[in-house]
There are 2 protein chains.
Amino acid sequence: VITRDDLAARDAADPLASFRDAYVLPDGLIYLDGNSLGALPHEARARLHDVIDREWGRDLIRSWTKNDWIGLPARVGDKIGRLIGAAPGQTVAADSISVNLFKLLAAALQLRPGRTTIVTEEGNFPTDLYIAQGLTGMIERLGGPAFQIRYADPLDIPAALDDDVAVVMLTHVDFKSGRNHDMAAVTAAAHLHGAVMLWDLSHSAGAVPVELDGCNADMAVGCGYKYLNGGPGAPAFLYVAERHHDAIDPALAGWMGHAAPFEFSPDYRPAPGIARMLVGTPPVLSMAALEIGVDGLIAADMDRLRTKSLALTGTFMDLVEQELGDAFGIMTPRGEHDRGSQVSLTHRHGYAIARALIDRGVIPDFRAPDVLRLGFTPLYLRFVDLWDAVAILKDIMDSHAWDRADYKVRAAVT
Amino acid sequence: VITRDDLAARDAADPLASFRDAYVLPDGLIYLDGNSLGALPHEARARLHDVIDREWGRDLIRSWTKNDWIGLPARVGDKIGRLIGAAPGQTVAADSISVNLFKLLAAALQLRPGRTTIVTEEGNFPTDLYIAQGLTGMIERLGGPAFQIRYADPLDIPAALDDDVAVVMLTHVDFKSGRNHDMAAVTAAAHLHGAVMLWDLSHSAGAVPVELDGCNADMAVGCGYKYLNGGPGAPAFLYVAERHHDAIDPALAGWMGHAAPFEFSPDYRPAPGIARMLVGTPPVLSMAALEIGVDGLIAADMDRLRTKSLALTGTFMDLVEQELGDAFGIMTPRGEHDRGSQVSLTHRHGYAIARALIDRGVIPDFRAPDVLRLGFTPLYLRFVDLWDAVAILKDIMDSHAWDRADYKVRAAVT
């Protein structure tokens, strides 16, 4: 039997315990939604104030060189690269996940001319599917060939592969269940058929160690505002393995990806390396906040974070079973190699329960139709928080506090 | 002969004079680069601190609804609409100019199936050309038809039009010369041939009054970080006339443009109206700053701004001729209907002269090969600033202060 004292003891022994002080965490709140929007690092406050007052207010346009705004996408990208096993020069911070997916899908299709199939899974994050639908739909409507999107069984990707597959596009950690793909094995299977492997790391980067180079991945995208703590709507990132750089003709060919943007030549000439995947002017304020978020994860070290994350998610599942029996389904795999840093509980009144939790200071999020999604961010979560969250959940269930009409009216939650 | 006293008298009579106090302007600096990066509004500082500390730090994920982050793209878009003659529901703030151009070009080509020509001008801002090249290149490489990009004579756009033209894409105020297109006339010419008219308002929005609806324009994009004072790398905006909304199948089909993003349906279904042109999660920090910048222009009123802007640019050209004779070429048209809010001077040592000006507290920018580009932002520029800037320029020329080896080494200036 797990007790609150056991968990307090684990906090006392936690080598990452002091990192919590680096984040703004409102009193009385147990924040289990760092997988939707990471907490504000104190240092990001200071950095943003400096960017606003000094860099924008005082240095104005000179900041592009003086304060190296122009270098932000590559610099922040390389820092993210350290978290996802990408050697320098292969990752940039830019645009949104959706826009980056479009850029990479268009590039991947061009790398495999004549092939007309994109493999993904129907449970992939919807925007990933929409981007594939939008790109292929546009090509067909403009008189190009018909590409098909083939949905694979997530537990048997290889069965969906053949030599017509141009690209396999999958999310590493499933946004709903928290289940992991085996990145090395799936990438190898894709390569066996000559397909380009494109990973969405939105629920991986900063949450689980990733070895893009080590897995021989071709391309990846990921999110800046979840585990990377980059702030609301932070720029996303993209990765392309160096071996592909020279062969990519960007579909989204913008001046920031030009070999010499300030020559103002009328003809596009792609920059060498990953810089060709940049498009427009980077959002400096949002990019500055992202850099601080990423710095925090580098300081904490992904291996230490993973160790604590597994302990948090494992302990939480144990506690739910201990305190709540079988009141909730547990969608997230128990195997340590099979899950990310979240636990997904299912309950047919999941939405109302989420609302009741929020009213009692526990912030989860909810994914239709019945998933309570709880993110465990080892940077700023304590083991005792698990106990307290489960105690509140148990009280809500025992007292039927969720059973209120106003909790059942859906509002958008991201 | 114009004297400094004349100009001080104009400042004393200027109905917009008090707006200057709303912006952070470093002591001793004459900022003639608001067309590259607008100054920081004091209110943006306060707003950003609140977004950081309260909305991100304290309210966290709840801010998407509680603080209406989700409504930012439409709300800020509609405010921008007021500056460009667009009725509500046709403008959104989102992404970068380049990405928005891609979305609109792809949409325009789909609105005119079978047509294969894009008309633009070779002197258009390069990223506009690159985007057209990237889109058409991708389609062709993926097995679609060959589209051609046809360069028109900027002084005779109609001569380049025929019934194969799907879209005419032009920048309203030329980034280099400051010359204006006649938006109504060019739009009518495009429509005569059944083409879609796409305007780039990067150097117009907040600088000159624009009447998109009144000119019957089809589509437009524009910049948030120039005259709109939205901060470095602020989100851009896009406009699509309401009559086209239902017919557009977005190429960049992202979850924020879905009819019901939080249903997480695997199939894309475009949102009604302009919202379908949204793609990924909006960058909240940058978007919040942009809203404050736009508010300032609405308060000042575009007609009053235009009156002062014409007075500033006209007086500046007069002063340059009075004080410097023919030392500089003046690229910007003298006609009041023919120019935006900038004056472009040419000189074969333009780059070194720009560097010398910066060292003496006058901030211009430079566009290769020989253009000194001076932006006149009536919100925060005084008439006496014109005198002082020309006096410094005259001193630099008289003393050959620009003739230094270190001024001749080019560095990137945006």
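The values are calculated or read from the model by the stated rules, or taken from the named source; none is laboratory data. These numbers were taken from a predicted model, which means no experiment stands behind them. Note: ideal-geometry Cβ built from the backbone for every residue, glycine included; neighbour counts use all protein chains shown. Just so you know, the surface numbers come from the protein's heavy atoms only, side chains and all, with ligands and any DNA or RNA stripped out. Shrake-Rupley method; radii C 1.70, N 1.55, O 1.52, S 1.80 Å.
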Legend entry - Cα radius of gyration and Dmax for the range B:278-322 (Å): 16.9, 52
Inset, instruction - Against the globular-protein guess of 2.2 N^0.38 Å, express the Cα radius of gyration of the range B:220-308 as a ratio, rounded to two decimals. - result: 1.30
Inset, instruction - Treating only the Cβ atoms of Lys and Arg (+1) and Asp and Glu (-1) as charged, compute the dipole magnitude of the protein assembly as shown about its Cα centre; round to the nearest 20 debye. - result: 260 debye
Inset, instruction - Can you find, among B:I139, B:L60, B:A220, the residue farthest towards the positive end of the dipole of the protein assembly as shown? Put +1 on the C-beta of Lys and Arg, -1 on that of Asp and Glu. - result: B:L60
Inset, instruction - For the range A:163-266, give the magnitude of the charge dipole about the Cα centre (Cβ charges: +1 Lys/Arg, -1 Asp/Glu; no others), in debye to the nearest 20. - result: 480 debye
Inset, instruction - List the residues of the range B:115-132 that lose 10 Å² or more of accessible area once all protein chains are present, compared with their chain alone (1.4 Å probe, heavy atoms only, no ligands or nucleic acids). - result: B:E122, B:F125, B:P126, B:T127, B:L129, B:Y130, B:I131
Legend entry - Selected from B:G230, B:G134, B:G38 as most flexible by GNM, with chain B as the system and alpha-carbon contacts under 10 Å: B:G134
Inset, instruction - With the cut-off at 28 Å, report for the range B:191-341 the share of all Cα pairs above it, as a whole percent. - result: 37 percent
Legend entry - Inter-copy spacing of B:A8 label points, which lie 7 Å from Cα along Cα→Cβ, given in nm from shortest upward: 7.4
Legend entry - Of A:K226/A:K394; A:K103/A:K308; B:K79/B:K308; A:K79/A:K176; B:K176/B:K408, pairs whose Cα-Cα distance is over 24 Å: A:K226/A:K394; A:K103/A:K308; A:K79/A:K176
Legend entry - Calculated label separations, A:A87, copies of the chain, 7 Å along the beta-carbon direction, nm: 5.9
Inset, instruction - Report the residue, chosen from A:L60, A:L393, A:L345, that carries the largest GNM mean-square fluctuation when chain A is represented by alpha-carbon nodes joined by springs under 10 Å. - result: A:L60
Inset, instruction - Please give the average number of partner chain Cβ atoms lying within 10 Å of the Cβ of each residue in A:90-99, rounded to a whole number. - result: 5
Inset, instruction - Give me the distance in nm between label points sitting 7 Å out from Cα along the Cα-to-Cβ direction at A:D326 and B:D68, one decimal. - result: 4.8 nm
Inset, instruction - Wrap a convex hull around the Cα atoms of the range A:133-250, take a quarter of its surface area, and give that in square nanometres. - result: 8.5 nm²
Legend entry - Descending semi-axes in whole angstrom, ellipsoid equivalent of the range A:135-199, from the Cα gyration tensor: 24, 15, 9
Legend entry - Two-decimal Rg to Rh for the range A:1-137 - Kirkwood Rh, Cα set: 1.08
Legend entry - Net charge of Cβ neighbours under 13 Å - reference A:P250; Lys, Arg +1; Asp, Glu -1: +1
Legend entry - Sum of -39500 (n - 2.57) over DSSP H runs of 4+, divided by residues of chain B (222 nm, nearest 500): -11000 deg cm²/dmol
Legend entry - Average partner coverage of A:140-148, which counts Cβ from other chains inside 10 Å: 5
Legend entry - Principal-axis tilt of helix B:183-192 within chain B, Cα atoms, nearest 10 degrees: 30 degrees
Inset, instruction - May I ask you to rank A:E321, B:E55 by accessible area, largest first, using a 1.4 Å probe over the protein chains only? - result: A:E321, B:E55
Inset, instruction - Enter the Cα centre distance for the pair the range B:216-260 and the range A:149-171, rounded to the nearest angstrom. - result: 34 Å
Inset, instruction - Mind jotting down the distance between the C-alpha centroids of the range A:61-130 and the range B:52-76, whole Å? - result: 26 Å
Inset, instruction - Once you have all Cα-Cα distances for the range A:293-406, histogram them in 5 Å bins from zero and send the whole-percent values. - result: 2, 12, 22, 24, 19, 12, 7, 3, 1, 0
Legend entry - Label-point separation, B:E336 to B:R360 (7 Å along Cα→Cβ), nm: 3.2 nm
Legend entry - About the Cα centre, charge dipole magnitude for the range B:1-67 (Lys/Arg +1, Asp/Glu -1 at Cβ), debye: 420 debye
Legend entry - Volume in Å³ per residue [convex hull over Cα atoms, computed for the protein assembly as shown]: 147 Å³
Inset, instruction - Please list, in chain and number order, the residues 5+ apart from A:H258 or on another chain whose amide H is under 5 Å from its amide H, with Hs placed from the backbone. - result: A:A271
Inset, instruction - Would you mind listing the distances between the B:D156 label point and the same position in each other copy? Use 7 Å along Cα-to-C-beta, nm, one decimal, shortest first. - result: 6.9
Inset, instruction - Would you mind checking the tilt of helix A:302-324 against the longest principal axis of the Cα atoms of chain A, expressed as 0 to 90 degrees and rounded to 10? - result: 40 degrees
Legend entry - Average other protein chain Cβ within 10 Å of Cβ, residues B:58-69: 5
Legend entry - Other-chain or far-sequence residues with amide H under 5 Å of A:A94's (modelled H): A:A236, A:F237, A:L238
Legend entry - Using θ = phi - 60° and Karplus 6.51 cos²θ - 1.76 cosθ + 1.60, couplings along the range B:211-219 (whole Hz; Gly, Pro as x): 10, 4, 4, x, 8, 6, 5, 9, 8
Inset, instruction - May I ask for the distance between the Cα centers of the range B:359-414 and the range A:296-347, given as a whole number of Å? - result: 59 Å
Inset, instruction - Would you mind listing how long chain B runs along its three principal axes, going by Cα atoms, in whole Å with the largest first? - result: 67, 57, 41
Legend entry - Heavy-atom accessible area per residue - the protein assembly as shown, 1.4 Å, Å²: 32 Å²
Legend entry - Protein-only accessible surface order, largest first, of B:L312, A:L25 at 1.4 Å: A:L25, B:L312
Legend entry - Relative contact order, percent, chain A [alpha-carbon distance under 8 Å, six or more residues apart]: 22 percent
Legend entry - Residue (of A:A356, A:T332, A:L319) at the positive-pole extreme of chain A, dipole from beta-carbon charges: A:A356
Inset, instruction - Springs between alpha-carbon atoms under 10 Å, Gaussian network over chain B: tell me which of B:W402, B:W64, B:W387 tops the mean-square fluctuations. - result: B:W64
Legend entry - For the range B:1-66, radius of gyration divided by Kirkwood radius, i.e. Rg to Rh on alpha-carbons: 1.22
Inset, instruction - May I ask you to derive the relative contact order of the range A:66-171, considering only C-alpha pairs under 8 Å and at least 6 residues apart, and to give it as an integer percent? - result: 27 percent
Inset, instruction - Grab every C-alpha pair in the range A:73-177, bin the distances at 5 angstrom width from 0 up to the longest one, and report whole percents. - result: 2, 12, 19, 21, 20, 15, 9, 3, 0
Inset, instruction - Return the aspartates and glutamates within reach of A:K66: Cα separation strictly under 12 angstrom, same-chain partners fewer than 8 residues apart disregarded; answer none if there are no such residues. - result: A:E55
Legend entry - Using alpha-carbon coordinates, inclination of helix A:383-398 to the longest axis of chain A, degrees: 70 degrees
Inset, instruction - For the range A:240-269, list whatever residues lose no less than 50 Å² of accessible surface once every protein chain is in place, relative to that chain by itself, with the probe at 1.4 Å. - result: A:A251, A:L252, A:A253, A:W255, A:F262, A:F264, A:P266
Legend entry - Accessible area buried at the A-B interface, both sides summed, 1.4 Å probe (Å², nearest 100): 7700 Å²
Inset, instruction - Tally up the carbon and sulfur contribution to the accessible surface of chain B as a whole percent, 1.4 Å probe, everything protein left in place. - result: 51 percent
